[in-house]
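Below: the structure, in structure tokens.
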Amino acid sequence: MTNNSLIKAVESAASVGITGHIHPDGDCVGSCMALYRYIRKVYPEKPVKVFLEQPADNLSVAEGLNEIESDFTKPAEAYELFVVLDCSSEDRFEPSGELVSLAKNVYVVDHHMTNTHFASEGVISPDASSTCEVLYDLLEEDKIDRDIATWLYLGIVHDTGVFRFPACTEHTMNIAGHLLTKGVNAQQLIDDSFYRKSYAQNRLIGDAVARSELLLDGKMIYTIVTKADMDRFGVGTKETEGLIDQLRLTRGIEVALFARQDAEDTYKISMRAISKVNVASICASFGGGGHMFAAGCTVKGDLSDAITQISAMVMLQL
Ligand code: AMP
Ligand code: MN
Ligand code: MN
């Protein structure tokens, strides 16, 4: 994979498509929207579209979400360049997969250690806090306006858990500082997009935390939320964010696991570790991936079996 500049790739492409991973989170939406708004601003004549599943309402922090394209059917003419952001493997950019495969060139911007290097060009920085941090370094600073800065700030805030996780470095904080000079309303963004929950969400989180269980002598905590639980509290699958963060904050644990039922026999698993266990490698063995201390995967079939296997893998690393 060559590391030609993103700007050069965009400038030489007749049309640009942008996409990120399924169930887009703050970093995915932030990086896709920041690049989209940047191209719209700096190259107003260039055809550009951003393809994403509809993001959760709390991620609507700046202009542009209503311009997201959710029609993934094949266009009359393929995009010359597709930029894929915050996405570690080809199966993760469904439902845009076919559109991306039709593009002449694919450029990846990412920070997952489990990235499969599916593109011919791009930048993958496993040490970066977020894709927004990687993207910031590829854009021309003087062309970043308040809107673009706000989208970038969203991704950094969300993937660092508000500047707390180990991947948040001096460089991350310097970028965040520069973004503030562009007029980002940081306090409001952090409260509204990260911490604020609906009454229903808070009740579901409270219930799931109350039902959580400890394993491995208190070193691991887990909880499960079924479809019936979400229905009972009137909460959608997009609205369970924050739960894993609460589990992670349990004193004495090294690993937190949250399993959410997405279909009859399908569970989305989120894992977090504090400082010792590589949860990316554990999730990778279930077909998922992510980062050393934050990763996920999807399991089909017997969930309690999967949790038993996972806790055995955790024990080996403790
Ligand atoms: P989550 O638990 O969904 O918040 O994800 C934590 C991190 O792991 C994020 O960086 C995700 O992009 C990554 N991740 C989650 N699920 C998967 C998966 N099935 N495959 C690869 N990476 C994943
Ligand atoms: Mn992401
Ligand atoms: Mn990310």
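Projecting the Cα atoms of 60, 193, 149 onto the charge dipole of the chain, computed from C-beta unit charges around the Cα centre, puts 193 farthest toward the positive end. Ligands, DNA and RNA left out, the 1.4 Å accessible surface of region 199-317 is 51% carbon and sulfur atoms. Annotation: cysteines of the chain without a disulfide-compatible partner (Cβ-Cβ under 4.7 angstrom) are 28, 32, 87, 132, 168. The candidates 267, 38, arranged from most to least accessible area with a 1.4 Å probe in the full protein assembly, appear as 267, 38.
For the chain, the share of alpha carbon pairs falling in successive 10 Å distance bins from zero is 6, 27, 35, 23, 8, 1, 0 percent.
When the Gaussian network model of the chain links Cα atoms closer than 10 Å, the mean-square fluctuations of 196, 272, 232 top out at 232.
For region 103-128, the residues whose backbone nitrogen is under 12 Å from a point 7 Å from the Cα of residue 14, taken along Cα to Cβ, are 104. Where only DSSP H runs of four or more residues are counted, the chain gives -10500 deg cm²/dmol as its mean residue ellipticity at 222 nm, each run worth -39500 (n - 2.57). Cross-link partners of residue 276 among aspartates and glutamates, defined as those whose alpha carbon lies under 14 angstrom from its own and excluding same-chain residues fewer than eight positions apart: 254. Between amide H atoms placed 1.01 Å from N, distances below 5 Å from residue 123 occur with 108, 109, 110, all of them 5 or more places distant or on a separate chain. Within the listed set 82, 258, 286, the Gaussian network model of the chain (springs between alpha-carbon atoms below 10 Å) gives the highest mean-square fluctuation for 286.
With a simple spin-label model that places each label point 7 Å from the Cα along the Cα-to-Cβ direction, the separation between residue 317 and residue 182 comes to 3.4 nm. Taking a virtual spin label 7 Å from the Cα of residue 41 along the C-beta vector, which residues in region 64-91 bring their backbone nitrogen under 19 Å of it? Backbone N within reach: 64-68.
Taking the square roots of 5 times each eigenvalue of the Cα gyration tensor of region 67-110, largest first, gives ellipsoid semi-axes of 16, 13, 10 Å.
Rounded to the nearest whole Å², what accessible area per residue is found for the chain with the 1.4 Å probe?
Values: 14270 Å² over 318 residues.
Heavy-atom SASA per residue in the chain reads 45 Å².
Using R0 = 51 Å, the C-beta based FRET efficiency linking residue 211 and residue 77 works out to 0.45. Excluding same-chain neighbours fewer than eight residues apart, the aspartates and glutamates reachable from residue 8 by a Cα-Cα span under 15 Å are 80, 121, 137, 140. When the residues 49, 238 are ordered by accessible surface, computed with a 1.4 Å probe over the protein chains alone, the sequence from largest down reads 238, 49.
When both region 9-31 and region 295-318 are represented by their alpha-carbon centers, they are found 32 Å apart. Among the protein heavy atoms, those of residue 281 account for about 60 Å² of accessible surface (1.4 Å probe, every chain in place). Computed from the Kirkwood radius of its Cα pairs, the Stokes-Einstein diffusion coefficient for region 37-170 at 20 °C and 1.002 mPa s stands at 135 µm²/s. In the structure shown, the pairs 46/268; 74/197; 41/182 are assessed against 27 Å; a Cα-Cα span above that value is assigned to 46/268; 74/197. For region 199-317, a Kirkwood hydrodynamic radius built from all Cα pairs, placed in the Stokes-Einstein relation at 37 °C and 0.692 mPa s, yields a translational diffusion coefficient of 232 µm²/s. When the chain is treated as a Gaussian network with alpha carbon springs shorter than 10 Å, the biggest mean-square fluctuation among 214, 81, 247 belongs to 214. Largest first, the residues 254, 98, 77 sort by 1.4 Å accessible area into 77, 98, 254.
The values are calculated or read from the model by the stated rules, or taken from the named source; none is laboratory data. Since the structure is predicted, the reported quantities are computational estimates derived from the model, not experimental observations. Heads up, the Cβs are rebuilt from the backbone with ideal geometry, glycines too, and the neighbour counts pull from every protein chain shown. In case anyone asks, the SASA skips ligands and DNA or RNA and just uses the protein heavy atoms, side chains included. Shrake-Rupley method; radii C 1.70, N 1.55, O 1.52, S 1.80 Å.
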